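The values are calculated or read from the model by the stated rules, or taken from the named source; none is laboratory data. What you are looking at is a predicted structure, and each value in this text was computed from that prediction instead of being measured. Note: ideal-geometry Cβ built from the backbone for every residue, glycine included; neighbour counts use all protein chains shown. Accessible surface areas use protein heavy atoms only, side chains included; no ligands, DNA or RNA. Shrake-Rupley method; radii C 1.70, N 1.55, O 1.52, S 1.80 Å.
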Amino acid sequence: MSSCITLKPSVLFLLLTLCGSPFPQHLLADNIISDKRKAIHINTPVETLEEETNSTPAETTEEIWERWFALYAQEELDDNADSWEDMHDALQETIAKPLNINAATCEQLEALPFLNSIQANDIVNYIRRYGAMKSKKELVAITSLDEYRRRLLECFITIGEAKAPTTAFPEKKHHQYTNELTTFVQIPTYTRKGYNDKYYGPKYKHWLKYTFSCDKSIKFGITASQDAGEPFFSRYNNKGYDYYSAYLLIDNLGPVKRLAVGRYKFSSGLGLVVNQGFNLGKMMMTQTFATPSKNVIKQHSSRSEQNYMQGVAASLKISKSLIFNAFISYKHLDATLNDDGSVATITTSGYHRTEKEIEKRNNTAMSTAGAHIAFDLASLHVGVTAVATHYNRPLVPNTSAIYRLIYPQGNDFFNASIDYSVTRRRLTFSGETATNRKGKIATLNSLSYYLTPHLSLTLIHRYFSYLYHSPHSNSFSDGGKTQNESGVFLGLWWETKGGLVVDGYLDIAYFAFPRYKVSASAYSLDTYLSAKKRIDKWTMVAKYRMRRRQKDFTLDNKQKTLAWETTHRTTIGGEWNSGKWYSDFTATATVHCFDTISRGALLSNETGLNTKRFSIAATLKYFSTNDYDSRLYSNERSPLYTFHMPAYYGNGMRYALITKWKPWQGATLTAKAGTTRYFDRDTIGSGAEQIDESSQCDIELQINIKL
């Protein structure tokens, strides 16, 4: 008589994982996912799941992702503010037109900055094996998704048909057209000093944005924007808005996977040669691995006047595993010129308010052409990029300061790279190695390992020669440039059985050549640790960051030496959410140590109500810092496609009220009023931006219509 012992699939998976199982993981995952799917479909009627999904409170599409975004942005805003603002706009566009999870590709899912390549592949493979998802609640079957990212993903997806149209012009009688128009105006109740004698335009900021799409395969958009102080149909501007931008994007047009005309963004690899997408900060790297970009061509739909191409770009699908991308671009830049007409510096503010700012407008041209070919086969990816750039005026920076000696010079630049990635079970290795026309090297390599579905480690090494130049690079770094840096980053992400999510990192960097305010080779040290926990209606967050950098310090005998500048920053917060009502409280403290010790603190509370047609939120903040070095950042609810996270320093309060009303389906009216009042000064700002009051109040109005 024989006996047989039967192990549950989940127990078998655990034992094999601990023993380092050589068995294919997908066979084990099949059993676990199947068990979960049975529980979802058998124990809960599909109709009930669909009803729950459709009745999800408004907080899932606004508060959740805004809180997540603020959690990371407010710590790294100093390093790359433009990238975070672009990311904010792109995420709001995805919210407005969510992804159909049943037709989404790995590339589309990886474009969401909180998902890594393993999670994106798990989602696609799940749908491929078991068919279309019936409800967002099925995401619990994806074991590599923790609860926090699962809730985030629900904000950006919808449950639709399993297959999307295969061509840009599908053969069907009824096309799905979408029109969206957004207008915005900001009205200050104060007047800055520059409007008396320097600024040529009115004090109002306003913009409009229109988007047309057909079957999600054809997309056209136009943006027109006017900054406060810029002339509008007057003086040096008879064209109305100061900034116009338009694009046309067509997907799946025969062998053309994507075609972009007008203004677009192009990215490849890990950004060592060209990256006009997101530069994910260090905190994001603990949960999103550094993998080569597969979303090579995107539309430029934001109001940013930098970081885009202008011309034509195309992505050709040569075979199932081979894709060829190419682009050509010509655009004008703002620049400060030397007496001989060469370029001293390229300016990126985008302001054209005064005579000097208008003189710099579009006085320099940049021509760029490049190509990227990518080979993808199962878990292997290899790509090659080449980009050539020409300026019609030579770059001749002022090299009187030693740190400017390594600034790029000349008219012509050429960069080439190879990017690569391999995914094997729970292990991912990726990187990119690039060179310029002088043979100088930049390389970035990442190794990520899932010890379990709830514990991962990420190791990133980078080396950027101080003579490596690339006009379009934007990659992972500590100093903000893909130049003059080498370093090692170690990140950890862990979700406990009780739902506690812990992530942190340690980053050490070395800068071989002098930099601004650093007259010799120097080091930096950056550490971060955070913990998040959801308990019923509460979400609790605690985080700590210490950043140390070597800077010039002047001794009593007026000699310079290097000394450590250290900044400690601690945040504790909690959010209560009942579905309709919510309240969020955050306390942040900072200590800055260099020649003196300065301290700062910020207390913030936001309370709001959400219904299907109406929402209102009130914000109250109190801040007190010794100086600008101890400044603090805090996110604030704003109208669509606007990003508000200013630096608070000094002593004062901030209070704001925002309300949204949907009078009918497809229309949203938004109004916001916010005031910052200082207790330690009689004027705000300096120079032309000075306000001769101790407070400033702005009123913002927006209309958004979708048809």
Test for P646: is it open to solvent by 30 Å² or more (accessible area, probe 1.4 Å), at pLDDT below 95 and touching an Asp or Glu at 6+ places or on another chain (Cβ under 9 Å):
yes
Residue check: is N179 at pLDDT below 95, surrounded by fewer than 15 Cβ atoms within 10 Å (Cβ to Cβ) and either part of a strand (DSSP E or B) or in contact with a Phe, Trp or Tyr (Cβ under 6 Å, 6 or more places away or on another chain) (or both)?
yes
Checking the conditions here, which among T399, T389 is out of contact with any Gly (no Cβ under 6 Å at 6 or more places or on another chain) and either closer than 30 Å to G499 by Cα or at pLDDT 95 or above (or both)?
T389
Does A290 satisfy being in a strand (DSSP E or B) and open to solvent by less than 20 Å² (accessible area, probe 1.4 Å)?
no
Residues of segment 131-164 being part of a helix (DSSP H, G or I), over 15 Å from A104 (Cα atoms), in contact with a helix residue (DSSP H, G or I) (Cβ under 7 Å, 6 or more places away or on another chain) and open to solvent by 10 Å² or more (accessible area, probe 1.4 Å), which ones?
K137, V140, R150, R151
Just give me the residues in segment 505-553 being more than 30 Å from S465 (Cβ to Cβ) and either open to solvent by 40 Å² or more (accessible area, probe 1.4 Å) or at pLDDT 95 or above (or both), in sequence order.
L529, K533, R534, I535, D536, K537, W538, M540, A542, Y544
Yes or no: segment 250-269 includes at least one residue that is in a strand (DSSP E or B) and free of Cβ contacts under 8 Å to residues at least 24 places away in the same chain.
no
Examine segment 457-466 for a residue that is at pLDDT 95 or above, crowded, with 21+ Cβ neighbours inside 10 Å and either hydroxyl-bearing (S, T, Y) or within 25 Å of F324 (Cα to Cα) (or both), and state whether such a residue exists.
yes
Residue list for segment 505-547, filter: in a strand (DSSP E or B) and among the basic types (K, R)
R515, K532, K533, R534, K543, R545, R547
Residues in segment 554-578 that are farther than 27 Å from T625 by Cα, modelled with pLDDT under 90 and exposed (fewer than 14 other Cβ atoms within 10 Å of the Cβ) total 6
Some residue of segment 310-319 being modelled with pLDDT of 95 or more, at positive phi and touching a Ser or Thr at 6+ places or on another chain (Cβ under 9 Å)
yes
Leading residue by the ranking (surrounded by the fewest Cβ atoms within 10 Å (Cβ to Cβ)) among those in segment 348-386 that are acidic (D, E) and within 29 Å of G229 (Cα to Cα)
E355
Among the listed residues Y244, Y200, identify the single one that is surrounded by 19 or more Cβ atoms within 10 Å (Cβ to Cβ), touching a strand residue (DSSP E or B) at 6+ places or on another chain (Cβ under 9 Å) and among the hydroxyl-bearing types (S, T, Y).
Y200
Filtered residues of segment 387-408 (kept if over 20 Å from V274 (Cα atoms) and open to solvent by less than 20 Å² (accessible area, probe 1.4 Å))
P397
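The rows are residues; the columns are (1) within 17 Å of M285 (Cβ to Cβ); (2) buried (at least 19 other Cβ atoms within 10 Å of the Cβ).
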{"residue": "R424", "(1), (2)": "no, no"}
{"residue": "L427", "(1), (2)": "yes, no"}
{"residue": "T435", "(1), (2)": "no, yes"}
{"residue": "L444", "(1), (2)": "yes, yes"}
{"residue": "P453", "(1), (2)": "no, yes"}
{"residue": "Y468", "(1), (2)": "no, yes"}
{"residue": "F476", "(1), (2)": "yes, yes"}
Only one of (1) more than 30 Å from W494 (Cα to Cα); (2) surrounded by 14 or more Cβ atoms within 10 Å (Cβ to Cβ) is not met by S448, so which one is it?
(1)
Among the candidates S225, S213, single out the residue that is at pLDDT below 95 and either in contact with a strand residue (DSSP E or B) (Cβ under 6 Å, 6 or more places away or on another chain) or not basic (K, R) (or both).
S213
From the option list I95, I127, single residue qualifying as open to solvent by 10 Å² or more (accessible area, probe 1.4 Å), of a type outside the set (D, E, K, R), closer than 13 Å to I159 by Cα and assigned to a helix (DSSP H, G or I) is I127
Restricting to segment 581-597, name every residue that is touching a strand residue (DSSP E or B) at 6+ places or on another chain (Cβ under 6 Å) and either open to solvent by 60 Å² or more (accessible area, probe 1.4 Å) or assigned to a loop (DSSP other than H, G, I, E, B) (or both).
W581, F585, F594
Mind listing just one residue for me: the one in segment 103-124 that is open to solvent by less than 10 Å² (accessible area, probe 1.4 Å) and in a loop (DSSP other than H, G, I, E, B) and, of those, nearest to G160 (Cα to Cα)?
L112
Would you be able to tell me the number of residues in segment 409-422 that are small (G, A, S) and either within 17 Å of N338 (Cα to Cα) or open to solvent by 50 Å² or more (accessible area, probe 1.4 Å) (or both)?
1
With the condition kept exactly as written, say whether any residue in segment 606-621 is open to solvent by 60 Å² or more (accessible area, probe 1.4 Å) and either aromatic (F, W, Y) or in contact with a Lys or Arg (Cβ under 6 Å, 6 or more places away or on another chain) (or both).
yes
